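S.K.: So that we are looking at the same thing, I have put the structure below in structure tokens.
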């Protein structure tokens, strides 16, 4: 990386010197792993989908700090990840998508080789200034079937949370209960022939317990959900931040499916339920094994 | 030797194409302005496509093939007359092609007809709807031209008609909107947005047209170049710098300044600085084995500042 000169350079050197040693180590760890990502980058450092590890470095560093020091993530079975294109299917919870950010960090920090997990976002994300750029540089796209197919064909790893917003804003009493699954991911797996890897995320479902979801009020304002938690809206937007629960990722064995992507819903749903059952098993085992929610 | 008639022959792209085609074809052309210093063996007729005189040119030249690129793509003149020149001019040209035994037609459309939207998937194919008029009504004439030509393919299947939709064209001779924009010292950008953009060199566009003629292609084809970068990289690599403006200021400012005629880009163009319009060029590559000769670096360096 080019060294900055002048006052900015001096300031950044000073900032570097003041950083705790572990954080500087984390920075160089990130640089090392960035060089090993298998995604194909062009001469300007971008992949076909506008992802750039260099531009996303600060986001990766922030995620890595949360990953190591806040959620203190443990992974199980990440060595089973197949090379090339795959669909990661995980449970979704916790009011804000820290689970997605941490799963992405996990693939970057712990998988061999490091992978960029591609998120499939909502249509409004590209319309938000700054967020749109950061999302694209970090490898996230609008979740259209065309984009997902192209990513999988390019050998990329796509994260899907088939519970969607139903999962993210589920109530505390429903924790680790999988909500209805969308079917789209299975059609894409059949169309592209990539394996599905279920990932049970344990921890996120307790990070910000939902007591109520005021769906009607949310609809009125065109919001996806309006959760009420012990801290939100009581403490304002800060109340949406998660408690320092420990995250545990349980990666399942890759599942292979064959068949016609255009089959009727019932036939697709049968296969979706196989994935759902596998995920359910991972979550059960993960909850039984853990020593505590925060420890 | 087959004879090719080029509309818009005096423009940068027309001149490049003429030079490229002269090796294997007899070339003539029409334009509303003369081409000073055109090659001696190239006949250049100064006519308006909408006038009877253009019909006479077709009747006497009797070209085997027509390459149609005589469009007004800038906004300097009157909006209504631009629409009339582009749409009615194309309609007249299509009629003459059908009436005077033209065997092959190539229409140079562009990637802009798809429109810039947040929901655009990456690398859209030729079947993606042409929605530009929804957010950028000022270029609806170019969408109509593309649509007229598409209908022509079905109406006259014995005439091999190809519509080419190249991505952002840059180069020394071509006066493209994106080229002008990148030549500004401080190109206004939309703060917080940085869409992926594909580029192609003007010589590769000429090559693509030549390949289309050579292969006798029929149908609609996206034509892509060597690759894509975010807009900010294109601005940097062409030696400019970005002037990021918040949208709530930029949009009304663009509207006013455009209305007063002191700024050449309508507000609808802003969406192309926000959302990506990226195309899949697979169909054209499979049909012609086309490979762009110019890389991104050469493309950016070809913009003389």
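S.K.: Go through the residues of the stretch A:52-59 one by one and say whether even a single one is touching a strand residue (DSSP E or B) at 6+ places or on another chain (Cβ under 9 Å) and within 14 Å of another protein chain (Cβ to nearest Cβ).
M.R.: yes
S.K.: Identify the single condition in (1) away from chain B (no Cβ under 13 Å); (2) surrounded by fewer than 18 Cβ atoms within 10 Å (Cβ to Cβ); (3) touching a strand residue (DSSP E or B) at 6+ places or on another chain (Cβ under 7 Å) that residue A:123 does not satisfy, given that it satisfies every other one.
M.R.: Every listed condition holds for residue A:123 apart from (1).
S.K.: Then there is this: Restricting to the stretch A:133-179, what's the tally of residues that are at the interface with chain B (Cβ under 9 Å from one of its Cβ atoms) and in a loop (DSSP other than H, G, I, E, B)?
M.R.: Counting residues in the stretch A:133-179 that are at the interface with chain B (Cβ under 9 Å from one of its Cβ atoms) and in a loop (DSSP other than H, G, I, E, B) gives 1.
S.K.: Then there's this: Among B:284, B:254, B:258, which is assigned to a helix (DSSP H, G or I), surrounded by fewer than 21 Cβ atoms within 10 Å (Cβ to Cβ), in contact with a helix residue (DSSP H, G or I) (Cβ under 9 Å, 6 or more places away or on another chain) and in contact (Cβ under 8 Å) with a residue 40 or more places away in the chain?
M.R.: Residue meeting the stated conditions: B:258.
S.K.: Looking at residue B:75, is it in a loop (DSSP other than H, G, I, E, B), buried (at least 18 other Cβ atoms within 10 Å of the Cβ) and at pLDDT below 95?
M.R.: Here the answer is yes, as residue B:75 does meet what is asked.
S.K.: In this structure, is residue B:291 surrounded by fewer than 16 Cβ atoms within 10 Å (Cβ to Cβ), in a loop (DSSP other than H, G, I, E, B), at pLDDT 95 or above and on the phi < 0 side of the Ramachandran plot?
M.R.: yes
S.K.: Take the residues in the stretch B:120-146 that are within 14 Å of chain A (Cβ to nearest Cβ) and either touching a strand residue (DSSP E or B) at 6+ places or on another chain (Cβ under 6 Å) or assigned to a helix (DSSP H, G or I) (or both), then tell me which one is farthest from residue B:272 (Cα to Cα).
M.R.: Applying the filter and picking the extreme gives B:126.
S.K.: Could you tell me whether residue A:191 is surrounded by 16 or more Cβ atoms within 10 Å (Cβ to Cβ), more than 22 Å from residue A:111 (Cα to Cα), in contact with a helix residue (DSSP H, G or I) (Cβ under 8 Å, 6 or more places away or on another chain) and at pLDDT below 90?
M.R.: For residue A:191, the condition - surrounded by 16 or more Cβ atoms within 10 Å (Cβ to Cβ), more than 22 Å from residue A:111 (Cα to Cα), in contact with a helix residue (DSSP H, G or I) (Cβ under 8 Å, 6 or more places away or on another chain) and at pLDDT below 90 - is not met.
Okay, residues lined up against (1) within 14 Å of chain A (Cβ to nearest Cβ); (2) touching a helix residue (DSSP H, G or I) at 6+ places or on another chain (Cβ under 9 Å); (3) in a helix (DSSP H, G or I):
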{"position": "B:192", "(1), (2), (3)": "yes, yes, no"}
{"position": "B:199", "(1), (2), (3)": "yes, yes, no"}
{"position": "B:203", "(1), (2), (3)": "no, yes, yes"}
{"position": "B:271", "(1), (2), (3)": "yes, yes, yes"}
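The values are calculated or read from the model by the stated rules, or taken from the named source; none is laboratory data. Everything numeric here is computed off the predicted structure, so don't read it as measured data. Cβ coordinates were reconstructed from backbone atoms using ideal geometry, including for glycine residues, and neighbour counts include every protein chain displayed.
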